[in-house]
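What follows is a short report on a single structure.
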Protein chains: 2
Amino acid sequence: MSRKNPSAEPAQNGASEKPKPVTLKAVAQHLGLSTATVSLVLNRSPVADSIPRETHERVFAAARELKYRPNYMARSLRRQRSFSIGVLVPEISEGYAAGVMHGIEAHLLREGYFYLVASHRLSGDILNEYVGLLEQRSVEGFIMVAAPLETSPLLPTVAVAGHREMGGVTNVVLDHDQAIRLAMDHLVELGHERVAFFKGHPNSSDTEARWDAIQRTAGDLGLAFRPELCVQLSGEPSGEIFSPEEGYREGYAFGRKLLGQTRDFTALFAFNDISAIGAIRAFLDAGLRVPEDVSVIGFDDIEVASFHNPSLTTVRQPLFEMGELASRTLLARIAGVDAPAPFHTVEAELVVRDSTAPPRA
Amino acid sequence: MSRKNPSAEPAQNGASEKPKPVTLKAVAQHLGLSTATVSLVLNRSPVADSIPRETHERVFAAARELKYRPNYMARSLRRQRSFSIGVLVPEISEGYAAGVMHGIEAHLLREGYFYLVASHRLSGDILNEYVGLLEQRSVEGFIMVAAPLETSPLLPTVAVAGHREMGGVTNVVLDHDQAIRLAMDHLVELGHERVAFFKGHPNSSDTEARWDAIQRTAGDLGLAFRPELCVQLSGEPSGEIFSPEEGYREGYAFGRKLLGQTRDFTALFAFNDISAIGAIRAFLDAGLRVPEDVSVIGFDDIEVASFHNPSLTTVRQPLFEMGELASRTLLARIAGVDAPAPFHTVEAELVVRDSTAPPRA
DNA sequence: ACACAACGCTAAATCGATTTAGCTGTCTGA
DNA sequence: TCAGACAGCTAAATCGATTTAGCGTTGTGT
């Protein structure tokens, strides 16, 4: 209600006056030059090489003095460049995507790009809709996180945690074999022999790759891999809508389902940290202690993993680096530097915390 | 390496051919009409009222057939509208901001807007830099989360968790008195009399408001409010850089510092969930049980709060709704519907979970 | 039979930059 | 002395839409 007297402020932002932005023309007139010259100089065009140093200085001085800011729309229209890219994530308030976006942002803004975000919630239809809208907005490319992409997009695209090999799409993927190996070795070294596994959401693009790696590695290590130790939720999830809250509930449900099938296991390798945490809760509710009775290992190392109690042993995905790599790769492709390699692989790292221990003797 | 034969795909996206987008002119020519007519019809301009229904249909049919998509840059340049807003958060991979952004996104995209995000990391300089860049990008307004805003921005702005009253800025704020009351009543009802408090980051805009509310409420309830029960970190943080990881460490450090000062308390009211979790860890490390020996109550109800073990009793901020309200308010101001009210207040909610209990007898 | 309105549409200006082709005027070299 | 090179700049087209002013044609009322 109370409001300071606004008379002191220079340009108020309500709906009152508009500050009338400084155009190129204004700068040119102020200098007695043409807009062409000013533009050439300000953009350091090679054509401006023949213009004497003194004029250069006058132009820059005037631009600074008048606080000239080139109009982004006009410039983009002419150059057919937007310096924007579209980022499609499952859901913005979800740990995995947030970590990747952090890396994306760091690199992109450093290079003078901005990004537009939208959430596809693991639905192909929603994804396609936003791809269309963002294309209309002239984004120069896409970074998609865990996106259920069906067809080759028209623009350069980098997929993080994508699994399909697709024309024009560069995948930033974890080396799943190495990652799974890390986790399994850890469990085996602790002495676990009966390990339970969660299989991920059928629409999540990492699910298949990771599952394959698990099967292979279990075989290599001679680990029992029995059906009653593997849990996948009943098939289609409720709607195609995705949320982290659901991931947690899913983990809890997984955990209960597993206990319903058998208690003959000493460790659980969850699909991700969220489901690991959900499962831990299910175990605790069932009177089992973690890690004394059951060791649990997660995947991702999202923030929660270290905050959790017991803190979570997990396979760390270098999310920030993956985001950075994705942006770097995309910008290179936009610049036409890189041929679109189908894969860039990053390595996982084992983070041992308190949710794993040797099995009871 | 291996790559499917791309001959089947229509338009490849590498750096090869460009699909040559359909312009308004193309549609007009295809119809034998002028671009003016087509534009008028497609935009349902009142000027097009005198154009017969049949022509309307022809135009729409052609647009659909040719898959015409208006060029965003051209349209924005002409209309002086970008349908974009700038969102400035402390850090994108942080729970509070993510929750608010979720709400922002939901409402904004529904209304045909997109948003550009940047992280100010609680630094005024970084904030100003991005404000400038985003203004240049012709955003139509700002939503700022926990931003250390010093001067009135030129564009319509809505601040979430802002505390300063400032010309042209609408604040979406929590009713801190009500929120604090909720928490304190809960503790008092449980029987706690000696309660410790954390004071937040000096650059975080909610810190002061919440601290004031705590002091007032403690007074109202006749609660002891002794200096040795209040902890604030040593003043300036290391650099002005902010991260959730630091919030956790801060909470841990808070907890240790508190224990160093006194153990004569039965409950802790932390500044937020992250610091609550950090403190709980410090207590556990010191051999105290939560909630048996010490009750801990957080603030925010970020995702982690419910996942944590023990799950966290906390004061829920309706982050999603705050984000929605912020966007709604901003769009209304952009449309010139609303006068810029200085405050919109939302109510908190107490979420009782497992980290609080009656004090030991 | 004629003025005037309504209809159906278009020419052209405009938004604010970028960029190519080219125009002066001076200087150089043969 | 004169062609040609070069320096130093500019006119004008262009990007793709939106939007105002207005132009011909037909119809209507008196």
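Read-outs throughout are calculated quantities, based only on the coordinates presented, and are distinct from any laboratory measurement. Keep in mind that this is a model prediction, so the values were computed, not measured. No Cβ is skipped: glycine too gets one built from the backbone with ideal geometry, and neighbour counts run over all protein chains shown.
Quick notes on this one:
- The stretch A:266-352, relative contact order [Cα under 8 Å, separation at least 6], %: 26
- Taking every C-alpha pair closer than 8 Å and separated by at least 6 residues, the mean separation divided by the residue count of the stretch A:67-127 gives a relative contact order of 40 percent.
- Label-point distances for residue B:321 to the equivalent site in the other copies, using a point 7 angstrom along Cα→C-beta, read 4.3 nm when ranked shortest first.
- With a Cα cut-off of under 19 Å and a minimum spacing of 8 residues unless on different chains, the lysine pairs in chain A number 4.
- Ordering of B:138-151, A:285-298 by packing [mean C-beta count within 10 Å, highest first]: B:138-151, A:285-298
- Summary for residue B:342: label point 7 Å along Cα→Cβ; distances to the equivalent points in the other copies, ascending, 6.3 nm.
- Amide H contacts of residue B:196 (H built 1.01 Å from N, under 5 Å, at least 5 apart or other chain): B:266, B:267, B:268, B:269
- Across the stretch A:277-361, Cα-Cα pairs farther apart than 17 Å form 58% of the total.
- Whole-number percent relative contact order across chain A, with pairs defined as alpha carbons under 8 Å at least 6 apart: 17
- Both numbers refer to the Cα atoms of chain A; Rg and Dmax are 26.8, 89 Å.
- Reducing the stretch A:244-320 and the stretch A:122-181 to their Cα centroids gives an inter-centroid distance of 28 Å.
- Shown for residue B:60: label points 7 Å from Cα along the beta-carbon vector, and their distances to the equivalent points in the other copies, 5.6 nm in ascending order.
- Karplus-derived 3J(HN,Hα), 6.51/-1.76/1.60, for each residue of the stretch A:302-312, Hz, glycine and proline x: 6, 3, 3, 4, 7, 6, 5, 10, x, 4, 9
- DSSP beta bridge pairing in chain B, given as percent antiparallel to the nearest 5: 10
- Coarse-grained scattering of the stretch A:112-215 at q = 0.23, 0.24 Å⁻¹, given as base-10 log I(q)/I(0) from a Debye sum over alpha-carbon atoms: -1.23, -1.31
- Taking amide H atoms as placed 1.01 Å from N in the peptide plane, the amide H of residue A:174 lies under 5 Å from those of A:161, A:346, each 5 or more residues away in sequence or on another chain.
- If R0 is 56 Å, the Cβ-Cβ spacing of residue B:284 and residue A:44 corresponds to a FRET efficiency of close to 0.40.
- Long-range HN-HN contacts of residue B:116 with modeled amide H, under 5 Å: B:85, B:86, B:87
- GluC sites (Glu not before Pro) restricted to the stretch B:14-95 and DSSP loop, no more than 16 other C-beta within 10 Å: B:17
- Sorted largest first, extent of the protein assembly as shown alpha carbons per principal axis (Å): 83, 68, 59
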